[in-house]
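Data first, discussion second: the structure below is written as structure tokens.
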Amino acid sequence: MTSTFRYLPDTDQDRKEMLSFLNVSSIDELFSDMPASIRLDGELAIPDALPEPALWKKMKNMASKNVELPLFLGAGTYDHYIPSVVGHMISRSEFYTAYTPYQPEISQGELQAIFEFQTMVCELTGMDVANSSMYDGFTALAEAASLAVGHTKRGKVVVSRAVHPESRAILQTVAAGPGYVAEEAALSKDITDLDALGKQVDGDTAAVIVQYPNFFGSIEDLQEVKRITKAHGALLIVSANPLALGLLEAPGRLGADIVVGDMQPLGIPMAFGGPHCGYFAVTKPLMRKVPGRIVGQTTDENGNRGFVLTLQAREQHIRREKAMSNICSNQALNALASAVCMAALGKTGLREMAVLNLEKADYACKLLQQKGFSVLNQSPFFNEFVVKLPKPVAGVQDALIEAGFIGGFDLGLDYGDPNGMLVAVTEQRTKEEIEAFIHALEGIVQ
Amino acid sequence: MTTYTDLIFEISRPGRIGCSLPERDVDAVNLSEKLPAHLIRREAPELPEVSELQLVRHYTSLSNKNHGVDNGFYPLGSCTMKYNPKINEDVAKLDGFGRIHPYQPEATVQGALELLYELQEDLAVITGMDAVTLQPSAGAQGEWAGLMMVKAYHKQRGEKRTKVLVPDSAHGTNPASATVAGFRTVTIPSNKHGLVDVEELKKHVDDDTAALMLTNPNTLGLFEKDIVEIARVIHEAGGLLYYDGANANAILGKTTPGEMGFDIVHLNLHKTFTTPHGGGGPGAGPVGVKEKLIPFLPVPRVEKRNGRFLLNREEPLSIGRVKGYYGNFGILVRAYTYIRTMGPDGLRQVSESAVLHANYLRKKLEPYFISPYEQVSKHEFVLSGSKQKKLGVRTLDIAKRLLDFGYHPPTIYFPLNVEECLMIEPTETESKETLDAFADVMIRIAREVEEDPETVLNAPHTTVIGRLDEVKAARKPVVRYERETVQS
Amino acid sequence: MNIVLTDAARRQLLAFSPAEGHVPRIDAEMSGGCGVSVRFSLVWEEPRRGDTVVPLGDDLFLYLDRFTERYLEEHTLIDYRETDGFIFGDRLDSSCTT
């Protein structure tokens, strides 16, 4: 049988030669070690192969069943412009068809790019050390909690209810493994209730986790949270939107011990939720406890600068079951995408883009208030805020789609506030779109 | 030609920019009126300031210092570095897949949900499982999610089992995942044939055994022939069988983990199903389970009711969420595209060719390196460099010498039970000519070890940089760029 | 390269009676898979081609191959304890990388 598959190069002749070299008569003989009782009789019951042109049509058709409209939806994943240069750079197949840089001599490109990424994350967050990336911001947060528990040898973490619901959900799943407690801290309207938090944190608290800006877009006062953690020797873990850090004070400057988050706002497509790219940064004392990989600088035998995955001095046993984390990969390609995006924006571009986001959201908020809508946020917010609709959000979404928009996140889902809509306004939304959206919303709720 | 060695920070000059932002069309906001002073950034982060062309030259230069599958043979054992089809990339980049938001109303993402649903169904068939979650973002996360389900399953039955059995040839992530899931690990030694020692296994199986984690074919590339007996032993003791799908490239269409008796499976879509490794990620690690474990699968689940696709977030026994949203969707799109490209016939041929290639290459190299096991190989095989070690040349040196010929070396020093191990996985997508040329180079290096060891010991000779001082990197870690350090 | 033995380590090395032709060697062993780690051990083995021989006083010679030399630190202190055998300060592990 001749191969009809373009990814399989063996010809009949090749097969014949290889089999004859092996002194076997058929490929089946090479599977003689699989007991007959477990061998499949027929072919797998999956659809037949498609030629590339037909497949392309099918996939385009499938993609076209998904609706793209101007988004006023964020809640952790944001519609930002991705400079064309980003896609071109990560499409260099020397990057995307490589694996983990085990052999540094032929992986200097990847290693240097990640070293630069780590530096950019340190700069953004004001931290000393960043790793080479994590699965996503949500899982990075759970890893940070586990690190804090391991480091302090304490039994609970306190996580603000204004932290993303999916982060909190994953944290609960993760905590069930080693069996530590993840306790939620109450809200005072749109931010963490600091008075209640002060009473909740105690000598068994490994860490307090807050989000910056929080899930409702509001900016938590990290300095005040730090006062509380410091008093009890707990770590401060901050989950931060990296774009917001263009204008907000770096968490590292406000006392954060671990800063995590997702680089998605900087150069990574929304892609229905993934792959995105978590980041993880710590202060120097925690460096040796960071999960995942870190790239370090060194020299070769001739003194030339080069980069390697850092070895870490550890004791006694090979880690295996002694590991504190099982994370073995990163999101290298997306870390690269965000590094290219950050370099394209640069020092001033990042700030300008952050300010633009804040201004557009501010404009939308003020306009909504003018039209008589009430807004939950009492604290300053970044590019997202909660508008209270006179009727449930669930009933409004379809009408908004009819009007040509995708509305905000329904707070009925995780916060029991069916009339609360979390509206995101990025630099992608023009003034006209904002006005048309609010006009449509007015019409729908009347 | 001089090699480009600058860091992006070193080519930065104040005032340059590499992108353009939209114009401000709304009122400016006075930040100091809006935010308290201590929350406004005082010093801007030192991001590089470069023009777009500088940016392109920089990353193009870096890419030129990187070896991927598109550059050359990459027989990295256990990693399945097969060809990454181009149409997969194009499909994943379609706006209808790339530019949709995870919280859009279900009615506006029917195409995406349909793809996820069909991929779940396909992977269930391929693994012989009854249901699949696509949420885990990597093999290790799949392992952990699977073990959390094991835990929930036993708990539901009123049992608290604490022990997970792992063979000594297993990937290091297996015991690590077991620990993170709150189990203790017991290591089962392999016998002299490189297989799980069933008698030894029986000694450790008891009513505290939660699960056995097994890779089949194992990391030595050998099929665990006693799998049916192994499954019986575990199940009779009330334990579950976990299949590490790292080596699934050997079994497509030939058998399934379900047929073998496994209860839980993870697959690495970046290995078997051609999604690119991306320099270390992103990947995807879907998990399939047998019927009795379905209630414990993570939420949300993609379901089909009355011809519509939807997300089910409510399952009382679920272990909960393991990853944001619905998994690494962009990777799942690529794997789906691949499965539709190959169909059942194609996938079976994949495994047949992968196995043929491994055995062919193994036989070519056996006269020159120690081949520690008799049994026929599956998709990969191991060699030992113990003969070369006696001549003062180690497996790492051989690996470095391979770089001079444009090959990525095999996986080295793994599995741990083979001295000076070389683990070679040629994959089905390489041509016979490539296998022959690689064998010739390996044989040449084996001769060099005997006749001209200095050439091997001082390798690589042709790479952009020589062997790097890893000890220095570990003792005095420099993990970020700092202006001062470079000037001094 | 500066290798220093504690008294306990020296005593233990001198007390051992090796097989014919075997010499004491510091050997670096690498473990791969999920990351790469390097571990040192003291073994008695036949000399390998190209070994470096390090004299430690008049009565003791330690052998090491080129590979081991690359990974051994500039200054290495070797100790011996009943419970743990020979100890070489810290071992080196990479971050987890499969």
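Bear in mind that the values in this text are calculations on the coordinates, not laboratory data. It should be emphasised that the depicted structure is a prediction, and the values quoted were computed from it without experimental measurement. Cβ placement follows ideal geometry from the backbone for every residue including glycine, while neighbour counts extend to all protein chains displayed.
Brief remarks follow.
- The stretch C:2-91: antiparallel DSSP beta bridges as a percent of all, rounded to 5: 75 percent
- Given B:Lys363/B:Lys432; B:Lys203/B:Lys389; B:Lys271/B:Lys323, the pairs whose alpha carbons are separated by over 25 Å: B:Lys203/B:Lys389
- Chain B shape via C-alpha gyration tensor axes, a/c threshold 1.5: oblate
- The sum of -39500 (n - 2.57) across all DSSP H runs of n ≥ 4, divided by the residue count of chain B, sets its helix-only mean residue ellipticity at 222 nm to -11000 deg cm²/dmol.
- Highest-MSF residue in chain A out of A:Gly137, A:Gly261, A:Gly233 [GNM, Cα springs under 10 Å]: A:Gly233
- Using Cβ point charges alone (K and R +1, D and E -1), the dipole size of the stretch B:56-105 about the Cα centre works out to roughly 140 debye.
- Only Lys, Arg, Asp and Glu carry charge here, each on its Cβ (+1 for the first two, -1 for the last two); on that basis chain B has a dipole of about 720 debye about its Cα centre.
- Positive-end residue of A:Thr430, A:Leu248, B:Pro298, charge dipole of the protein assembly as shown with Cβ unit charges: A:Leu248
- Footprinting exposure proxy for B:His38, A:His164 (fewest neighbouring C-beta atoms within 10 Å first): B:His38, A:His164
- Relative contact order [Cα under 8 Å, 6+ residues apart], chain B, whole percent: 18 percent
- For residues of B:23-33, the mean tally of beta carbons on other chains within 10 Å: 5
- Peptide A:239-245 shows a mean partner chain C-beta count of 1 within 10 Å per residue C-beta.
- The residue list A:Gly87, A:Val157, B:Met423 was ranked by how far each Cα lies along the charge dipole of the protein assembly as shown toward its positive end, using unit charges on Cβ atoms, and A:Val157 comes out on top.
- Ordering B:Arg301, B:Arg57 by the number of other Cβ atoms within 10 Å of each residue's own Cβ, fewest first, gives B:Arg57, B:Arg301.
- Sequence-distant lysines (8 or more away, or on other chains) whose Cα lies within less than 24 Å of A:Lys391: A:Lys189, A:Lys366, A:Lys371
- Each of the GluC sites (Glu not before Pro) that DSSP puts in a loop and that has at most 16 other Cβ atoms within 10 Å breaks chain A; the longest unbroken stretch is A:44-300.
- Note on chain A: GNM, Cα springs under 10 Å; of A:Lys284, A:Lys16, A:Lys230, the largest mean-square fluctuation is that of A:Lys16.
- Computed over the alpha-carbon pairs of the stretch A:84-340, the distance histogram in 5 Å steps reads 1, 6, 13, 18, 19, 16, 12, 8, 4, 2, 1, 0, 0 percent, short to long.
- Summing charges over all other residues whose Cβ lies under 12 Å from the Cβ of A:Gly137, with Lys and Arg as +1 and Asp and Glu as -1, gives -3.
- Value of [θ]222 nm, deg cm²/dmol, for chain A, DSSP H segments ≥ 4, -39500 (n - 2.57) each, nearest 500: -11000 deg cm²/dmol
- Gain on full stretching of the segment that runs from A:Ser20 to A:Gln369 - 0.36 nm per residue minus C-alpha separation: 117.6 nm
- Max-minus-min Cα coordinates of the protein assembly as shown on each principal axis give 94, 67, 63 Å, with the largest extent listed first.
- Ranked list, fewest to most other Cβ atoms within 10 Å of each Cβ, for A:Val201, B:Val150, A:Val308, A:Val355: A:Val355, A:Val201, A:Val308, B:Val150
- Chain A - percent relative contact order, Cα under 8 Å, separation 6 or more: 20 percent
- Annotation note: GluC sites (Glu not before Pro) in the stretch B:380-488 located in DSSP loop regions with a Cβ neighbour count of at most 15 within 10 Å are B:Glu419, B:Glu482.
- About the centre of its Cα atoms, the stretch B:310-413 shows a dipole size close to 360 debye [charges on the beta carbon of Lys, Arg (+1) and Asp, Glu (-1) only; nearest 20 debye].
- Loop GluC sites (Glu not before Pro), the stretch B:23-81 (other Cβ atoms within 10 Å of the site Cβ: 11 or fewer; DSSP): B:Glu23, B:Glu43
- Other residues within the sphere of radius under 15 Å centred on the Cβ of A:Gly87, judged by their own Cβ, net out at 0 (K and R +1, D and E -1).
- Which of B:Gly221, B:Gly283, B:Gly238, positive extreme of dipole for the stretch B:87-341 (C-beta unit charges): B:Gly283
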